[in-house]
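Data block below; observations after.
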Amino acid sequence: MATAISGPRVLLRQLRETMAEQLASQDRLDKIVNLIATNMHTDVCSFYVLRDDNALELFATYGLKRESVHMTTLRLGEGLVGLIAAQAEPLILENAPSHPAFAYRPETGEDPFNAFLGVPVLRAGQTLGVLVVQNRDSRLYGEDETEALLTTATILAEMIATSDFDTLIKPGQDIDLRRPRSFNGQSFTEGIALGQVVLHDPRVVVTNFIAEDTDQEAARLEAALATMRVSIDDMLAHGDMVSGTEHYDILETYRMFANDRGWVDRLNEAIANGLTAEAAVERVQNDTRARMLRSTDPYIRDRLHDFDDLANRLLRVLTANGVVTPRELPENAILVARNMGPAELLEYDRTRLRAIVLEEGGSTAHVAIVAKSLGLVAVGQAQNIVSMSENGDDIIVDGPTGLVHLRPTAELEQNYIDKVRLSAKRRAHYVELKDTPSVSKDGVKITLLHNSGLVADLPMLRDTGAEGVGLFRTELQFMIASRLPKVQEQVALYREAIKLSEGKPIVFRLLDIGGDKVIPYLRAAPEENPAMGFRSLRLALDRPGLLRTQVRALLAAADGGPMKILVPMVTETWEFVETKRVIKLELERLIRSGGRPPSDLKIGAMIEVPSLLFELDHVLPEADFVSIGSNDLIMFLNAADRANNRVSKTYDPIALPRLRALRHIVDMAKRYGVPITMCGELAGRTIEALALMAIGMTRLSMSPPAIGPIKEMILGMELKPIQAAVAAALGEGQSGVTVRDLLLDLADKQGLVI
Ligand code: PEP
Ligand code: MG
């Protein structure tokens, strides 16, 4: 009969001494299993490591036959050890051989042992191995013993991550920790990027696991919890926080968790077992992460994410002077994040960034748009990638398919290097097309334009051969500035943009601030639904100073040349008329002060709020041109947040209702003789662009990398039969096949590359 353990603290101290000794890896492991068995009074202690081929290999044992070390393996899910690894949960049995999952391995001589306790060896929620103790007699191990073994497993996880086990494993095999992993995300952009992981929210690296003085560690934890609670209370009490908003709710949840007795008790227990405060947080966080990785319920995953974030906060408090992963970016940095705002992305050194990978986000969220605008490859919805990645891991982001490969094999990497070469060839082919006019085979001319947001994007006009910039999102420059740009700074910026576009027209859109486009130095009251809140033109008309300054700068920057200004988020015609009045005032001011007015000033309205669709007969006569913002328009039509993939992906943007709405705008613009452009992300995707051309849209503005593929499609197509087929499909009484399927079929018949 095993007696109570002599205390995990003693064991941890002995483990620390063993770690510090000069020993070969195998000798060290042998000594560790001996120590655990002796300390816990068990007949057996075995340590299994998960290999990259999903086999759990016996790496060390005390009590089983020595010859089975590195010989015995169990597949993930096979036997008791495989079960623990697959479920990432401890298993306690009184009589192990009678368990249905028990898999007998004669070479181990395991049969006489009845009492069984196995725990997963976890790191960042991933199972790296399994640690088992066994006794001859039939009994149930207690909670204390389970906790002690879990604590010991934390140390072993660190050992797996940091030791050189290559010498112990057969050639051609590797431990699972370094296994390549692939994620099936959602494509945000074209392009392929190879590089190294940079975690946007860097994990705190815990280096000190074993406590010198347990009381001191308990006091450190208490102090850190207090600091964290105060900081959460402070944030909640902050004047800006409005109860009921999402941010407030998150913090409120944090506050609840921070005071959660169960969580705090588990932390204290881990410390009582001999871990440092930070190692205790990591140990408890490991369980949370393991559950997070296995949970398919989005609600539970979100809550576990909250716990995970809270543990990160606590770790940062505890290691305020500790080691935090440095922020310097490697040459080919690939940002990996749960989510981030566009402003956060813009804070990075863009010359070193190649791609971003998010666990959340939607393809028309502004962070995705900014990524596109920066020429980054971007993929979203890569579930659980943050906890599986380490800073510096090799990673490949495949934009078109949305696949992300973490720690790719050499073959896969070579495959991608070839693909990149091929796509370089394709790009070269697109460059060859740049001076070819984009006219369909049956003579329909389509004007292709760039969506742009930063002056740095504009030289790309030369490579794509686009006819101009259909949408210059002026707010992006404001987002990367540390303070509000003064009028002269704005003039310089717009002048530079005009210069870099080398005579091609640019449509400058007035500031579209709000929603997820946060400008840090313009404080705004939090809103429950910022996308439908006090944003964009609503804010501009309320703060005419901001609007007038921008208009003044734009008119001056034209230097007597042409100028096109686009007004965003027009909900009712009067707002557009009012904006025109402000522009006219500024024009008069310019003339009065002796400045040169633009030779040709055109003012256009964005159609992106559904309400405007029902007074197009009012707004069109007022507008020199109009531009459809499909990102917002479709979000509002579907009542599905563009940044929330769970809902935005559900509704096909070119299905009947949306396409009928778009066709109505096109028809009305034609009737009023007003030029119309599509500037939302829709125009940059081949099949969607085909749908737009099919309903009569001839001006498409898109992210620059989309120009080549879309021009190639235009050059190869007969548009008129497609227009006729879509018109019939949109007519009344048609049902059955979707517009998308119809277009795919038509494109296929014409041999178009979609
Ligand atoms: C749109 O809404 O489609 C648009 C072009 O504007 P933004 O994406 O900047 O909101
Ligand atoms: Mg918009």
Options 680, 731, 708: the member that is among the small types (Gly, Ala, Ser), farther than 19 Å from residue 462 by Cα and more than 16 Å from ligand 1 (Cβ to nearest atom): 731
Residue in segment 563-575 that is away from ligand 2 (no atom under 16 Å from the Cβ), part of a helix (DSSP H, G or I), out of contact with any Pro (no Cβ under 6 Å at 6 or more places or on another chain) and at pLDDT 95 or above present: yes
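Residues are listed down the side, and each one gets a yes or a no for (1) among the basic types (Lys, Arg); (2) closer than 21 Å to residue 610 by Cα; (3) more than 16 Å from ligand 1 (Cβ to nearest atom); (4) open to solvent by less than 60 Å² (accessible area, probe 1.4 Å):
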site: 500; (1), (2), (3), (4): no, no, yes, yes
site: 512; (1), (2), (3), (4): no, yes, no, yes
site: 524; (1), (2), (3), (4): no, no, yes, no
site: 528; (1), (2), (3), (4): no, yes, yes, no
site: 541; (1), (2), (3), (4): no, yes, yes, yes
site: 557; (1), (2), (3), (4): no, no, yes, yes
Among residues of segment 184-222, those that are farther than 18 Å from residue 368 by Cα and among the aromatic types (Phe, Trp, Tyr), counted: 1
Residue pairs meeting the criteria (Cβ under 7 Å; at least 6 apart or on separate chains; first at pLDDT 80 or above and of a type in the set (Lys, Arg), in segment 471-487; second surrounded by 16 or more Cβ atoms within 10 Å (Cβ to Cβ) and not in a loop (DSSP other than H, G, I, E, B)): 473/509
Residue under evaluation residue 681, criteria (1) away from ligand 2 (no atom under 16 Å from the Cβ); (2) charged (D, E, K, R); (3) under 21 Å from residue 611 (Cα atoms), criterion not met: (1)
Looking only at segment 585-640, and only at residues there that are within 14 Å of ligand 1 (Cβ to nearest atom) and hydroxyl-bearing (Ser, Thr, Tyr), the one that is nearest to the chain's Cα centre (by Cα): 630
The lone exception for residue 63 - which of (1) in contact with a Leu (Cβ under 8 Å, 6 or more places away or on another chain); (2) closer than 24 Å to residue 100 by Cβ it fails: (1)
Residues of segment 14-63 classified as at pLDDT below 90 and aliphatic (A, V, I, L, M), total: 5
Failed criterion for residue 642 (all others in (1) under 24 Å from residue 450 (Cβ atoms); (2) of a type outside the set (A, V, I, L, M); (3) away from ligand 2 (no atom under 16 Å from the Cβ) hold): (3)
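Condition check ((1) within 27 Å of residue 353 (Cα to Cα); (2) open to solvent by less than 20 Å² (accessible area, probe 1.4 Å); (3) without any contact (Cβ under 8 Å) to a residue 12 or more places away in the chain) across all residues:
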{"position": "182", "(1), (2), (3)": "yes, no, no"}
{"position": "190", "(1), (2), (3)": "yes, no, no"}
{"position": "193", "(1), (2), (3)": "yes, yes, no"}
{"position": "198", "(1), (2), (3)": "yes, yes, no"}
{"position": "205", "(1), (2), (3)": "yes, no, no"}
{"position": "210", "(1), (2), (3)": "no, yes, no"}
{"position": "222", "(1), (2), (3)": "no, no, yes"}
{"position": "228", "(1), (2), (3)": "no, yes, no"}
Filter result (small (Gly, Ala, Ser) and assigned to a helix (DSSP H, G or I)) within segment 156-177: 157, 161
So residue 507, is it away from ligand 1 (no atom under 16 Å from the Cβ) and buried (at least 23 other Cβ atoms within 10 Å of the Cβ): no
Test set (1) modelled with pLDDT of 95 or more; (2) within 13 Å of ligand 1 (Cβ to nearest atom); (3) in a loop (DSSP other than H, G, I, E, B) - residue 696 fails condition number: (2)
Top-ranked residue in segment 730-743 [being without any contact (Cβ under 8 Å) to a residue 60 or more places away in the chain and within 18 Å of residue 651 (Cβ to Cβ); ranked as surrounded by the fewest Cβ atoms within 10 Å (Cβ to Cβ)]: 735
Residues of segment 253-275 satisfying the condition of being touching a Lys or Arg at 6+ places or on another chain (Cβ under 8 Å), at pLDDT 80 or above and not aliphatic (A, V, I, L, M): 273, 274
Elements of type helices (runs of 4 or more DSSP H) in segment 461-556, at least 2 residues being more than 33 Å from the chain's Cα centre (by Cα): 487-500, 536-542
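The values are calculated or read from the model by the stated rules, or taken from the named source; none is laboratory data. Worth saying up front: this structure is predicted, and the values here are computed from it rather than measured. With ideal geometry, Cβ positions are generated from the backbone for all residues, glycine too; neighbour counts draw on all protein chains shown. Please note that ligands, DNA and RNA were not included when accessible areas were found on the heavy atoms of the full protein model with its side chains. Shrake-Rupley method; radii C 1.70, N 1.55, O 1.52, S 1.80 Å.
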